[in-house]
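Here's the structure we're looking at; comments come further down.
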Amino acid sequence: MGIAAWQFYNPVKVIFDTGAIDQLSGHLDCERAVLVTTPGFRRRGVVDRIEKALGARLVGVLDEVKPNPDVRDVDAQGERLRALKPDLLIALGGGSSMDTAKGLARLLSQPEGHSLRAHFRDGQAFEDVPALPVAAIPTTSGTGAEVTPFGTIWDFERGKKYSVTGPDLYSTFAVLDPKLTLGLPEEVTISSGLDAISHALESAWNKAASPITLSYSAKSLQFSLQALPALKRAPDDLEARGQMMQASLLAGLAISQTRTALAHSISYPLTTKFDLPHGFACSFTLPALMRFNAGVDDGRLLHLARSVGYEDADAFSRGLDALFKQLEFSDFISRYIPGQSMAMALSDQMFTPGRADNNLRSATPEDVQAILSGSLKSLGIE
């Protein structure tokens, strides 16, 4: 299948169970934990449950995480948390909570005076010391960030995306409780679910794929391609919520080894320019990219297609188009992208090193323009 030497490493302990959040205390090895989350979890009573479970070991709650965390906000949050001297950060929420916690984990292990802005913008070197430990409690099913060593930090002032990464940014453990995803707004459910699908596919048409990552990708898609339409019809279906959460985890395990590829490279300027949610931004090109990568398929995409019930990659691509119609994807994306010409104007920014060059088939600027244009047109963006 065109796959040569490979390695696999993922140290995250995973607990999957309904109600698992209430047993959090038994999994923690800390004296001074800080919870990193969004305001909504205080209102929903989840923060109270964590405070009850941890008692005096929880020394602070940062409940001001914003979607797509900006480098300036994370720096300011880090300065406030430094005085608490935490020895563990607990990320509660979706990908933005986990990204924020990973950024803080890197920052707070550095001496006072260091900042993410100085590091990313000016090249200030970080000292070679381990990041603070992070524990993850995902409340959406999409990013898989609970089992990856990557955190995304945005710089909207400069229109850039940065990454914090390293083996020390793997979570110490992750608690997956599907009950925490009940009540998610439809847009978040769909966007995060499409993010999981994009991760599974991007890890498959990836030069760094291995037999292990391909098996995770296939199993993830077997869950997500059934569970996401089910949640569109019945958002309170707890079994589908559990399947979607496991799909996200499995896709996260895959990209923790491969990273992502061309769909994500295309997505980044669309998020910075239009504030398009990440799950939508990195998934609308998937049918076109399936067809594009099938042109150099070494057998893996055929095998993947058949593992989820399609005859070949082309039929799988048509199945993804049908899925988008079921999910009414065009209604969501049209809220953010006002017209095709404005998106096309960003095409020269869509070659992100470490993403585009992971793609199974090398792409030219003309290829990206064709993929982008055809994908937008298929969703009714003219």
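Side notes on the structure shown:
- The order of VAL147, VAL308, VAL188 by accessible area, most exposed first and with a 1.4 Å probe, is VAL188, VAL308, VAL147.
- Alpha-carbon centroids, the stretch 306-330 and the stretch 83-111: separation in whole Å: 38 Å
- Per-pair calculated FRET efficiency, R0 = 41 Å: GLU127 and SER334 via Cβ, rounded to 0.05: 0.30
- At 0.692 mPa s and 37 °C, Stokes diffusion of the stretch 1-119 via Kirkwood alpha-carbon radius, µm² per second: 209 µm²/s
- Span-rule helices in the chain, defined as complete DSSP H runs reaching 24 Å or more along the axis (Cα) with Kyte mean at least 0.0: 186-204, 211-233, 238-258
- Most mobile of ARG259, ARG106, ARG335 in a GNM of the chain (Cα contacts under 10 Å): ARG335
- Distance violations [Cα-Cα > 29 Å] among LYS102/LYS273; LYS161/LYS232; LYS13/LYS207; LYS273/LYS377; LYS13/LYS85: LYS161/LYS232
- Cut-off under 5 Å, modelled amide H: who pairs with GLN124 long-range: HIS119
- Model label zone, TYR9; criterion: amide N under 18 Å from point 7 Å along Cα-to-beta-carbon; scope the stretch 120-142: 128-134
- Share of pairwise Cα-Cα distances greater than 37 Å in the chain is 16 percent (whole percent).
- Over the residues of the chain, the helix contribution to mean residue ellipticity at 222 nm works out to -14500 deg cm²/dmol, using -39500 (n - 2.57) for each DSSP H run of at least 4.
- Sequence ranges 27-34, 61-68, ranked by mean other-Cβ count within 10 angstrom, highest first: 61-68, 27-34
- Straight-distance candidates among the aspartates and glutamates for linking to LYS160, with alpha-carbon spacing under 19 Å and chain neighbours fewer than 8 residues away dropped: ASP70, ASP73, ASP75, ASP99, ASP122, ASP275, ASP348, ASP357.
- Multiplying the residue separation of LYS160 and GLU186 by 0.36 nm and subtracting their alpha-carbon distance yields 6.5 nm.
- Of the GluC sites (Glu not before Pro) found in the stretch 109-216, those that fall in a DSSP loop while having at most 12 other beta-carbon atoms within 10 Å are GLU112, GLU127, GLU157.
The values are calculated or read from the model by the stated rules, or taken from the named source; none is laboratory data. The model shown is predicted, which means the values in this text are computed figures rather than measured ones. Reconstructed Cβ throughout: ideal geometry from the backbone, glycine too, with neighbour counts over all protein chains shown. Accessible surface areas use protein heavy atoms only, side chains included; no ligands, DNA or RNA. Shrake-Rupley method; radii C 1.70, N 1.55, O 1.52, S 1.80 Å.
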